[in-house]
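Okay, so here's the structure we're looking at.
The values are calculated or read from the model by the stated rules, or taken from the named source; none is laboratory data. These numbers come from a predicted model, not from an experiment. For neighbour counting, all protein chains shown are included, and Cβ atoms are generated from backbone atoms with ideal geometry for every residue, glycine included. For the accessible areas, the whole protein counts, side chains as well, though only heavy atoms, and no ligand, DNA or RNA atoms are used. Shrake-Rupley method; radii C 1.70, N 1.55, O 1.52, S 1.80 Å.
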Amino acid sequence: NKYKLDNLVAIVDNNGVQLDGTTNQIMPLGDLILKWKAFGWYVEEADGHDIQSLLEAFKHAELVKGMPKVIIAGTVKGKGISFMENDYKWHGKPILYNEYINAIKELQQ
């Protein structure tokens, strides 16, 4: 903020998951919007799974001058894959080939 970096846009993937559990269980984040604003950033929220929502957030952020911007993108870990969705165990676990095949099939439905 000190240098008025209005060409800087950060994106926070806010999926609520950490390596060993949910952020609420392990390290609650509190109000991310207020935290970023407290450091002088312009904050936009978007649905991280919706391209149109993200494009709108970037469009709004582009209009803001004199300060850095952040888009807090709400997402669901493993969205659309039944055995991965909202499961923190997949945060850093490699996928096996047969799991990959099943995941692709689910995403194509």
Of the chymotrypsin sites (Phe, Trp or Tyr not before Pro) in the range 1-103, which ones lie in a loop per DSSP and count no more than 13 other C-beta atoms within 10 Å?
3, 39, 83
Using a probe of 1.4 angstrom, how much of the accessible area of the range 1-95 is carbon and sulfur, in percent?
57 percent
Find, to one decimal place in angstroms, the Kirkwood hydrodynamic radius of the chain, where the mean of 1/r is taken over every pair of different Cα atoms and then inverted.
15.7 Å
Calculated from DSSP H runs of 4 or more alone, at -39500 (n - 2.57) each and per residue, what is the 222 nm mean residue ellipticity of the chain, nearest 500?
-9500 deg cm²/dmol
Pairs of Cα atoms under 8 Å, at least six residues apart: use those to get the relative contact order of the chain, whole percent.
34 percent
For the chain, with a Gaussian network of springs between Cα atoms less than 10 Å apart, report the residue from 17, 76, 64 with the top mean-square fluctuation.
64
Loop only per DSSP, at most 13 neighbouring Cβ atoms within 10 Å: give me the trypsin sites (Lys or Arg not before Pro) in the range 7-109, ordered by residue number.
65, 79
What is the angle, in °, between the Cα long axis of helix 97-108 and the longest principal axis of the Cα atoms in the chain? Nearest 10 is fine, range 0 to 90.
60 degrees
Could you count how many Lys pairs in the chain have their Cα atoms under 16 Å apart, skipping same-chain pairs fewer than 8 positions apart?
15
